Amino acid sequence: MKRPDHDLAFMLQYENVAWYEDGAVRILDRRCYPRTVSFVTCRHYGEVAQAITDMVTQSAGPYPAAAMGMALAAYECRDRSEEKQRAFLKTAAERISNARPTTAKRMARVCETMLEAADAAWKSGEPVDAAIKRRAIEANDSRYEKIAKIATLLVDKFPDDGTILTQCFAETIVGMMLREAKARGKRLRIFCPETRPYFQGARLTATVCYEMGFDVTVITDNMPAFVMQREHVDVFTSAADAITMDGHVINKVGTFQIAIAAKHLGVPYYVTGVPDTVHPKASDVKIEFRDPAFVLEAMGVKTARDGVKGYYPAFDVTPPELVTGVVTDRGIFSPYELSRYGEKDAYEVVV
């Protein structure tokens with residue numbers, strides 16, 4: 001039986017995202033990939049949390065990293081009493097969950113699931129780290145399978161010879177949508193804004209597209225409107241760090257302005273993901289601000305003179321009126337109808 005990550009690019013394979021083995025978690029360092037392929041090895045759960053904070057992995061990468069980090073925490077406290085192990089894992093879950101503020105509630109759910117695996121292991125006598133690792137892989141399987149369903153619906157919106165504009169690095173959905181497009185024989189052109197200051201679009205999205213055999217072009221972050229108009233972009237798509245129940249999309253900063261341009265030019269914007277019941281409205285989401293020094297440089301090379309200030313919000317908020325549809329594993333929903341996602345057998349397709 002094929003694993004759900006079959007035929008995806010290198011960086012989307014489970015072992016190359018985050019992997020626990022032999023008392024350590026190995027995480028692909030996306031800050032330097034693809035020019036350099038290196039892994040950060042963490043031997044303490046706090047190092048996993050710090051790696052997430054430091055953007056060693058990003059997009060959906062922190063979720064498997066968090067799960068594997070919990071397996072590492074279980075290994076670290078394996079010789080303690082069950083009571084002390086429980087306390088240690090609870091502390092680890094709190095630390096890992098809050099590695100980045102905007103996704104803290106999602107990360108907390110991941111860690112809670114790993115704590116449930118630990119409870120089952122204590123009852124059965126299984127090594128706790130092994131039980132958590134198995135649950136982490138099961139979570140990966142489930143997420144990849146769900147995203148494969150999302151990809152099927154998203155690719156329905158792509159013309160056979162379509163031109164697609166992405167934003168940042170949408171992780172697994174990029175690989176899944178390309179795998180699905182290839183299976184259908186669709187020939188896509190893909191434009192990737194570079195996504196400063198970490199250049200995830202240029203380094204990560206473009207690499208995945210290239211490795212999977214598609215025509216891909218990197219553009220700077222101030223080119224999307226021109227490209228949409230000049231190159232006749234058919235669809236703008238992104239993932240989301242959070243989709244609130246009132247239809248707002250929290251994603252890498254720059255998504256909002258691309259959505260505005262897309263609306264003006266009549267280009268549909270489809271966001272992929274699942275509505276977050278933990279975020280009823282946009283005001284519930286804390287927007288993360290990162291070190292402004294990163295804005296004053298490009299891949300470690302300073303571009304601004306000393307004394308000039310920087311400003312670095314990691315995310316922005318796109319309102320529902322700019323979103324054509326939210327592509328989920330249960331259908332494509334209007335951003336105004338996300339409450340229907342949780343209904344039994346709910347399935348809605350918007351044009």
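The values are calculated or read from the model by the stated rules, or taken from the named source; none is laboratory data. These numbers were taken from a predicted model, which means no experiment stands behind them. Here the Cβ is made from the backbone with ideal geometry for all residues, glycine too, and neighbour counts use every protein chain on show.
Restricting the search to the range 97-106, which residues are within 13 Å of residue 52 (Cβ to Cβ) and either of a type in the set (Lys, Arg) or modelled with pLDDT of 95 or more (or both)? Of everything in the range 97-106, those that are within 13 Å of residue 52 (Cβ to Cβ) and either of a type in the set (Lys, Arg) or modelled with pLDDT of 95 or more (or both) turn out to be 97, 98, 99, 100, 106.
Residues that are out of contact with any Asp or Glu (no Cβ under 9 Å at 6 or more places or on another chain) and either β-branched (Val, Ile, Thr) or assigned to a helix (DSSP H, G or I) (or both) within the range 142-166 comprise 142, 143, 166, listed in sequence order.
Do we find that residue 175 is in the same structural domain as residue 278 (by TED's automatic domain parsing), in contact (Cβ under 8 Å) with a residue 24 or more places away in the chain, touching a Leu at 6+ places or on another chain (Cβ under 6 Å) and within 30 Å of residue 300 (Cα to Cα) in this structure?
Numbers: in the same structural domain as residue 278 (by TED's automatic domain parsing): yes; in contact (Cβ under 8 Å) with a residue 24 or more places away in the chain: yes; touching a Leu at 6+ places or on another chain (Cβ under 6 Å): yes; within 30 Å of residue 300 (Cα to Cα): yes.
Yes, satisfied.
Taking the range 183-215, which residues are in contact with a Leu (Cβ under 9 Å, 6 or more places away or on another chain), free of Cβ contacts under 8 Å to residues at least 40 places away in the same chain and of a type in the set (A, V, I, L, M, F, W, C)? Matches in the range 183-215: 188, 190, 192, 209, 214.
Only residues that are over 29 Å from residue 282 (Cβ atoms) and among the acidic types (Asp, Glu) were counted in the range 189-246, giving 3.
The residues listed here are 185, 201; of these, the one that is at pLDDT 95 or above, touching a Cys at 6+ places or on another chain (Cβ under 8 Å) and either assigned to a helix (DSSP H, G or I) or more than 23 Å from residue 249 (Cα to Cα) (or both) is 201. Exactly one residue out of 94, 76, 82 is over 16 Å from residue 48 (Cβ atoms) and modelled with pLDDT of 95 or more: that is 82.
Selection of the range 298-313 for residues being at pLDDT below 95 and surrounded by 12 or more Cβ atoms within 10 Å (Cβ to Cβ) yields 298, 299. When the range 15-47 is filtered for residues that are under 17 Å from the mean Cα position of the chain (by Cα) and in contact (Cβ under 8 Å) with a residue 12 or more places away in the chain, the ones remaining, listed by number, are 16, 17, 18, 19, 27, 28, 29, 30, 31, 33. Out of all the residues in the range 226-258, which are closer than 15 Å to residue 59 by Cα, among the small types (Gly, Ala, Ser) and either part of a strand (DSSP E or B) or touching a helix residue (DSSP H, G or I) at 6+ places or on another chain (Cβ under 6 Å) (or both)? Matches in the range 226-258: 238, 239, 242.
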